[in-house]
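The structure appears right after this line, and notes come after that.
The values are calculated or read from the model by the stated rules, or taken from the named source; none is laboratory data. Worth saying up front: this structure is predicted, and the values here are computed from it rather than measured. Methodologically, a virtual Cβ is constructed for each residue, glycine included, from the backbone with ideal geometry; neighbour enumeration extends over all protein chains shown.
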Amino acid sequence: MTTILIVEDDVEMSAMLSQYLEGEGFGVVRTQSMSGALSATLANEPDLVLLDIVLGEEDGRDVLRELRHISDVPVIFITGRGLEAERIAGLKLGADDYITKPFSLGEVEARIETVLRRTGAPANSLEATVRRFGDLHINETTHEVHRAGVLIDLTSKEFALLAFLAATPRQVYSRAQLLEHVWSSSSEWQNEATVTEHIRRVRSKVEVDPDRPRWIKTVRGVGYRFEPDGQSH
């Protein structure tokens with residue numbers, strides 16, 4: 001079983017994360033301090049650490065520095081600080097990802113699985129390839145998408161496009177980048193309108209109201225992103 005170490009001094013937040021992750025098949029260890037984090041890492045050898053950057057009077061960045069002396073376990077920072085400078089500082093210290101509060105539990109799970117795949121750590125032993133965002137479930141093993149329990153019929157390329165966007169929630173991709181990553185092509189060889197048309201098709205199948213998309217958002221002048229909170233505008 002994949003084990004997640006939660007280092008969080010907010011008891012309610014820690015309990016909420018623990019309950020959700022255990023429900024998704026992860027093993028969970030919880031602690032609230034630097035000393036607890038170091039002891040738990042040595043004792044349990046977790047596969048990934050969720051680390052709040054503010055731990056009472058302690059600094060999560062100091063915890064990460066000490067962790068790196070004893071382990072190369074992947075670390076995702078959780079913080080209420082959304083400034084780019086703070087994110088960059090955390091990543092430079094060796095964090096593998098950065099989640100800013102408020103966040104959805106589905107986003108946390110998606111980022112955990114993305115980091116585990118990227119770092120080569122074992123993924124969730126029960127359903128490592130299922131991404132859940134509210135009532136939208138994306139299964140990368142079976143290439144099936146369900147919304148509110150109903151199977152959505154997607155072509156292989158439509159599924160690949162949706163799965164790629166959902167793998168990195170809120171990350172914005174241009175049409176050229178999507179051509180490169182999903183089609184293994186470029187705008188020199190394939191028209192970017194191909195991406196636009198596939199986005200339209202996926203929305204028509206996945207979204208309740210394609211004209212007011214809940215999941216796949218357009219970022220004007222840039223491209224598209226997957227919105228894990230699933231709020232329509």
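Would you check if Gly56 is within 25 Å of Pro102 (Cα to Cα), modelled with pLDDT under 90 and within 22 Å of the chain's Cα centre (by Cα)? Here the answer is no, as Gly56 does not meet what is asked.
Output the qualifying pairs, or none if there are none: Cβ atoms under 8 angstrom, residues six or more apart or on different chains, first residue in the stretch 194-215 and assigned by TED's automatic domain parsing to the domain that holds Glu180, second residue among the basic types (Lys, Arg) and at pLDDT 95 or above. Partner pairs satisfying both residue conditions: Pro210/Arg200; Pro210/Arg203; Pro213/Arg203.
Scanning the stretch 156-196 for residues that are modelled with pLDDT of 85 or more and charged (D, E, K, R) turns up Lys157, Glu158, Arg170, Arg175, Glu180, Glu192.
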